[in-house]
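Below is one structure, written out as C-alpha cells; the observations come after it.
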Amino acid sequence: MKALPESDLKWMRQALALARRGEGLTRPNPPVGAIVVKHGQKIGQGWHKQAGGPHAEIFALRQAGAAARGATLYVTLEPCSTFGRTPPCTTAIVRAGVARVVVGTLDPNPQNGRKGVRALRHAGVQAESGVCAPEAAELIAPFACRLHRRRPFVALKLGLSVDGRIADFAHASRWITGPAARAEVQAMRRAADAILVGAGTVRRDNPSLWPRPDKGRAPWRVVAVRRGPLPLAAQVFTDAHAARTIVAAPKGWQPALARKLRRQGVAVWTLPPKRLLSALAAELGKLGILRVLCEGGGILAGELIRARLVDELNVFFSPVCVGGPVGAMGQTRWRLAEAPRFACREIRSIGADVFVRLVPQDRED
C-alpha cells in the first residue's frame, strides 16, 4: 500500500478535529471539516455548523478567497455533487481553482458515493480519498447508521465500580465516577442528538439530561417507560427545555398522565409494547436523529443490548468496590456461550477513572 505523505495526515487530522465542533448541531447531516492549504500553510478552514447552512468546504474556500487557486483542499467527507438545500460543493471547488482535493472517506450513500470525486477529476482537479479513512468513517458512523439501518447510532454509557455496579445497594448512583469523567459525559451529551434514559432513572435521580454547558446544542431527551407513572414534577418535564422531551411508552400507558404531560409541552409517543425500543429507534431516525446517548439505567441497558441496538459501549470504571445487587444490566442475563461480546477500540485514563470504548464484536470492521 502506498505510504501517505505526513503532511496529508497532519492536515486531515486537523480537519477531523474541526468537524467534531459540529457534532450535535448538523442533524440530519453528518459533521464535516475542511482545510485549504497552500505552500504548506493553512489559508482557510471551516466546518459544517447546521443543516441547510453552508458546508465545511464553502466556509474554508470563503476564508481562503482568491488564494485558493492552485491550493489543496482537505475535507473529511467526499464533497457533494448534487443540488440539495445548498448548491454542490464540487462546483464551488472547481470555480475556486483548487488544484487538489484530499478526502477522508467517500459518501456512504450508494447513490452519491464516488460521484463527487469523479466530478472533480472530470473537471481536471486531482482528487484522492482514503486519508485517515478509519477516523473519517468513525466520525460519520451515526450518519451511515441512519442511512443503512434506518435508525440512529446508539452509544450506551455506563459508569461502573470495578465490581460492575452502577449504584450502591440503596440505588444511590450519583457521582460514582470523578469530576473529569463527568466532564467527559457532558461532551458526549453535546455530541448527541438525543439522550435516552429509562423511567427508573427519572424516578430515582430526577436528572436534567441537558448538556452543561450546552454550547448551542438542543438535544432531545427521551424517557422510555413500560409501566407505572412518571413524576410530573421531574426536571425533564418542567424546565425550560420541556418541549425537547419525549416519553416513549406502550400503547394504553397512563392515559391521564399522558394528557397532562402533553399539556406541559412534552411529546408522548405510544409504541408497540413488544418492540418498544426498536420502534422508538425507528421513530427517532425519522426525526432526523443521528446519535443517541443512552445514560441508563441497568434495565434499559440490558434491553438495548439484547435488542442488538447498541453500536458503541462507553464504560467509565471508578476505582471503588460497591457490592450489592445493582448491576449494569439490570435483570438481563445470558449464558456465557451466548453472551454478547465486544471488541475494545480505546482505553485511557480520565482523572482517577478508566474509560473503555467498545463495539459489538459482530459489527467490528
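The values are calculated or read from the model by the stated rules, or taken from the named source; none is laboratory data. Keep in mind it's a predicted model, so treat the numbers as computed, not measured. Backbone-built Cβ (ideal geometry, glycine too); neighbour counts: all protein chains shown. Heads up: the accessible areas ignore ligands, DNA and RNA and are worked out on the full protein's heavy atoms, side chains in. Shrake-Rupley method; radii C 1.70, N 1.55, O 1.52, S 1.80 Å.
Observations
- Each Lys and Arg contributes +1 and each Asp and Glu -1, all at the Cβ; summed about the Cα centre of the range 178-316, the dipole is approximately 480 debye.
- Remark: the range 1-118 carries a charge dipole of roughly 140 debye about the Cα centre, counting +1 on each Lys and Arg Cβ and -1 on each Asp and Glu Cβ.
- The range 224-239 and the range 188-207 have their alpha-carbon centroids 11 Å apart.
- Cα gyration tensor shape for the range 242-283, rounded if a/c is under 1.5, else prolate or oblate: oblate
- Between the range 108-171 and the range 296-327, the Cα center-to-center distance that results, in Å: 22 Å
- When the alpha carbon coordinates of the range 261-365 are projected onto the principal axes, the ranges are 44, 32, 28 Å, largest first.
- Under the convention that each Lys and Arg Cβ holds +1 and each Asp and Glu Cβ holds -1, the size of the dipole of the range 232-304 around its Cα centre is about 340 debye.
- Tensor-based shape of the range 102-160 (alpha-carbon gyration tensor, a/c under 1.5 rounded, otherwise prolate or oblate): oblate
- Spin-label model, Asp214 to Ala337: label points 7 Å out along the Cα-to-beta-carbon direction sit 5.1 nm apart.
- Out-of-range pairs (alpha-carbon distance over 20 Å; input Lys42/Lys115; Lys251/Lys274; Lys10/Lys157): Lys42/Lys115; Lys10/Lys157
- Only DSSP H runs of four or more residues enter the estimate; each adds -39500 (n - 2.57), and after division by the residues of the chain the mean residue ellipticity at 222 nm equals -8500 deg cm²/dmol.
- Cα gyration tensor shape of the range 1-142, rounded if a/c is under 1.5, else prolate or oblate by comparing a/b with b/c: rounded
- Accessible surface of the chain, 1.4 Å probe, proportion on carbon and sulfur as whole %: 53 percent
- Ordering of 83-96, 61-74 by packing [mean C-beta count within 10 Å, highest first]: 61-74, 83-96
- Formal net charge of residues neighbouring Trp253 (Cβ-Cβ distance under 10 Å; K, R +1; D, E -1): +3
- In the context of the full set of protein chains, residues of the chain present 48 Å² of accessible surface per residue (probe radius 1.4 Å, heavy atoms only).
- Whole-percent pair-distance distribution, where bins are 10 Å wide, for the alpha carbons of the chain: 5, 23, 29, 22, 14, 6, 1
- The slack between Phe83 and Ala67, meaning 0.36 nm per residue of separation minus the straight C-alpha distance, is 3.2 nm.
- Charge dipole (the range 298-365, unit charges on Cβ, about Cα centre) - positive-most of Leu304, Val359, Asn314: Leu304
- Each peptide in 158-164, 243-249 was scored by the mean count of other Cβ atoms within 10 Å over its residues; highest first, the order is 243-249, 158-164.
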